[in-house]
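The values are calculated or read from the model by the stated rules, or taken from the named source; none is laboratory data. Here the structure is a predicted model, which means the values were calculated and not measured. Cβ sites come from the backbone with ideal geometry, for glycine too, and all protein chains shown count toward neighbours.
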Amino acid sequence: MLDQDIVFSMVSDSFGKKTGLITLNRPRYLNALSSSMVIQLHDTLLEWRDDPSIKCVIVESKVSKSFCAGGDVRSLYEAREVDVEKKIKFFEIEYSLNNIIHNFGKPYISLLNGMVMGGGAGLSLHGSHPIASQNIYLAMPEAMIGFFPDVGVMYMLSRLPHNIGLWMSLTGLGINSTDASKIGLVHSVIAYSDFDILRDEVMASDLSADAFVRVDDIVSKYVVSSSDGMWQYRHAIEKCFSAADVEGVVSLVNLQQDSWWDDSKKALQYNSPLSLKVALQYYNLACKLNIEEVLSLDLNLSHRFLQGHDFMEGVRAKVVDKDHRPNWQPPLLSEVTNNLVDGYFLLSSRT
């Protein structure tokens, strides 16, 4: 039985090549990524990327209800009195990890079941083959804790159709496997019961030539379908989230009569006003940036949020005390000025 938060192993095939296997196993925290886990992932993947004997990487979870619920923000809260320059090291390594995955150059397969949120999205969606079960909940809920969609995922969100990426960024709400497949955030959807079979077939296959195509062919044998969730509301989402500012978005969303919109209305009322306005400006910028530029901006924004109030307050209210009564500063959208938001995007803020 696994007794480590994360296990790295290599499995050899009959062709003289190896698969790098990463197993997440931190059930108490739903596989939330600790500093130690991020460092191990970073260093191991860097080594495996440059090792010609490694043909591909597979990331899986032994926690049935979660692939990875994000970064370990509770630990950041507990270290809230620590100097910002020490806390930012976690984000520096994590964003470097995201860049390694994005540019890995070999098949990188993530087997996703249950919660895939925040840092879990960064660990999986940047790879070539994020494979979802029919039971995923994929979300970037950072605005709910006074933060912003980071780990390079805004690069993808800003390029999604129908302003779905902005809906995800502002509300923090999640999507199911069919929705994720339709908008291209996951490669394919297969049954959770087929995860082990797919993993074993990939590990046993000859990927010495056309590795990505070969993995595509293997995955295609297991693809299944499931029902739409958010997707059927895509045109209304596009209209509501085309407003020029967050206030306009909120007004349009509040006019929607279908009960499906109730969660969006509640989220926009609950989430940090500062986070909402920063996320909108970031969304409009990110579609023009490459992945390295997005990750660089992630680091700058993380530094600013660590210096501010809402991130730690959001973690306290949502994760630590769980009273769900955050004291946002500023408390109202109307009090979040353009100058305040612009200040979060100044590179000179890291001084």
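Scanning the stretch 71-101 for residues that are surrounded by 21 or more Cβ atoms within 10 Å (Cβ to Cβ) and not β-branched (Val, Ile, Thr) yields Gly71, Asp72, Phe90, Phe91, Glu94, Tyr95, Leu97, Asn98. Filtering Val189, Val215 for residues that are in contact (Cβ under 8 Å) with a residue 40 or more places away in the chain, in a helix (DSSP H, G or I) and surrounded by 20 or more Cβ atoms within 10 Å (Cβ to Cβ) leaves a single hit, Val215. Restricting attention to the stretch 107-121, the residues that are touching a Leu at 6+ places or on another chain (Cβ under 6 Å) and without any contact (Cβ under 8 Å) to a residue 60 or more places away in the chain add up to 1. Scanning the stretch 310-323 for residues that are of a type outside the set (Val, Ile, Thr), surrounded by fewer than 18 Cβ atoms within 10 Å (Cβ to Cβ) and either in contact (Cβ under 8 Å) with a residue 24 or more places away in the chain or farther than 19 Å from Gln269 by Cβ (or both) returns a single hit, Asp321. Under the condition of being at pLDDT below 95 and of a type in the set (Lys, Arg), the residues counted in the stretch 198-218 number 0.
Taking helices (runs of 4 or more DSSP H) as the structural unit, those lying wholly within the stretch 253-311 and holding at least 2 residues that are more than 24 Å from His162 (Cα to Cα) correspond to 291-307. Only a single criterion out of (1) over 25 Å from Ser158 (Cα atoms); (2) exposed (fewer than 13 other Cβ atoms within 10 Å of the Cβ) is not satisfied by His235, namely (1).
Among the residues of the stretch 324-351, just one is surrounded by 13 or more Cβ atoms within 10 Å (Cβ to Cβ), of a type in the set (A, V, I, L, M, F, W, C) and modelled with pLDDT under 95, namely Phe345.
Within the stretch 240-252, being exposed (fewer than 15 other Cβ atoms within 10 Å of the Cβ) and either part of a loop (DSSP other than H, G, I, E, B) or among the basic types (Lys, Arg) (or both) holds for Ser242, Ala244, Asp245.
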